[in-house]
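What follows is a set of notes on a single structure, which appears directly below.
Here, each number is a calculation from the coordinates, and none is a lab measurement. Remember, it's a predicted structure, so these values are computed and weren't measured experimentally. Positions of Cβ are backbone-derived with ideal geometry, glycine not excepted, and every protein chain shown enters the neighbour counts.
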Amino acid sequence: MAQSSICAVGAGRMGRGIAHVFAYAGFEVALLDAKSRAPEDFGRLRDAALAEIEGGLASLAELGLFEAAAIDRIVGRIRVFPRSDAAAAVGGAAVVFEGVPEIKNAKAEAFTLIDPYLAPDAIVASTTSTFLVDELMGCVSRPERFLNAHWLNPAYLVPLVEVSPSARTDEAVTEALLDLLTAVGKVPVRLKASPGYIVPRVQMLAMNEAARLVEEGVASAEDVDKALLYGFGFRFAVLGLLEFIDWGGNDILYYASRYMTEATGDDRFAAPSIVDRNMHAGRNGLKDGAGFFDYRDRDLEAYRKSRLAGFLDQLRLAGLARPPA
């Protein structure tokens, strides 16, 4: 894919983050304002967008990611277009990311704006965190080249992009987008269209439970967040959630879920049936050689050491790694 072929539609936070990512990776980027504005208002938006991107780059350079001398070169790859120049912004793009606000009418209007100017082989991806690909598919004239690519803010920092094709999306389109995202340093995951995707669905449950702890007077907001930073976050910066089930034992989750359901009288703590099936099939993780993952052909000693090294890195990052007394 030629490195002059990215368009981000919507000049807000998401569009600016995507422009940052691709310009940093060497692409020429068109950032298209999806709103109609007077020329002077557009000028202010353009200047603000470029200043925000430049500021983000300056912060990263100051923290040692790269040499500040490269900032002008990176920002120089980004051109901000007014809505009236949609044809110029979109026409040469191999990949177009829609990033307007999470209002269906706004997204439909954005697709109506860009659709006439899309190259026949262009890939179009919505960055929506709300609407499923099937709900938006009717907004584009070539649904076989359309899919969702959900970025997490700040888009220029968070590696994950959740890629969700529809049943009508050409498989080659999905693979091309996954390859592109990987090439610019992102970590894409593929999933079927499902409300909440992966991360928003899990974090919504965690955030609501944290709020309930404060509401119920179990602990202060400060102590709840301290517990989550140094316990929950500490472990899951190294281990995936399903990996952690295998690490500690699926049977532990099975019994803990039963206890919490009985103690609280609330079914929200009940384990899903896959935990029950794994329990009774003897697939409880590392100790059984299999769980959500298969460990039978893995060097378990090397695996454990690698995860221990990850935990030590987290301790050092938190300033909590100490020599013995």
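The GluC sites (Glu not before Pro) of the stretch 38-113 meeting both criteria, a DSSP state outside H, G, I, E and B (loop) and at most 10 other C-beta atoms within 10 angstrom of the site's C-beta, are GLU67.
Cβ-to-Cβ counts within 10 Å put GLU301, GLU162 in ascending order as GLU301, GLU162, the fewest first.
For an R0 of 41 angstrom, estimate the FRET efficiency from the Cβ-Cβ distance between LEU160 and ALA325 and round to the nearest 0.05.
Approximately 0.55, to the nearest 0.05.
Shown here: the chain, whose C-alpha atoms stretch 62, 50, 46 Å along the first, second and third principal axes, sorted largest to smallest. Placing unit charges on each Cβ (+1 for Lys and Arg, -1 for Asp and Glu) gives the stretch 6-190 a dipole about its Cα centre, and among PRO154, ALA86, ALA8 the Cα reaching farthest toward its positive end belongs to ALA86. Sorting SER194, SER166, SER126 by the number of Cβ atoms found within 10 Å of their own Cβ, with the fewest placed first, yields SER194, SER166, SER126.
Report the extension gain between ARG73 and GLU40 in nm, rounded to one decimal, defined as 0.36 nm multiplied by the number of residues separating them, less their alpha carbon distance. Mind showing how you got there, number by number?
Working: separation 33, 0.36 × 33 = 11.88 nm, distance 2.59 nm.
Result: 9.3 nm gained on full extension.
Taken along its principal axes, the alpha carbon cloud of the stretch 27-74 reaches lengths of 39, 19, 14 Å, longest axis first. Tell me the label-point distance for the pair ARG304, GLU262, using the 7 Å Cα-to-Cβ offset, in nm and rounded to one decimal. If labels sit at ARG304 and GLU262, their model points lie 3.1 nm apart. A crude spin-label estimate for the pair THR182 and GLU135, with each label 7 Å from Cα along the Cβ direction, gives 3.0 nm.
Between SER59 and GLU216, the distance separating the two model label sites (each 7 Å from Cα on the Cα→Cβ line) works out to 3.5 nm. Pairs to check: LYS186/LYS305; LYS192/LYS226; LYS107/LYS226. Give those whose C-alpha atoms are more than 31 Å from each other in this structure. Exceeds cut-off: LYS192/LYS226; LYS107/LYS226. Taking the Cα centre of the stretch 63-145 as origin and assigning +1 to Lys and Arg Cβ atoms and -1 to Asp and Glu Cβ atoms, the resulting dipole is close to 180 debye.
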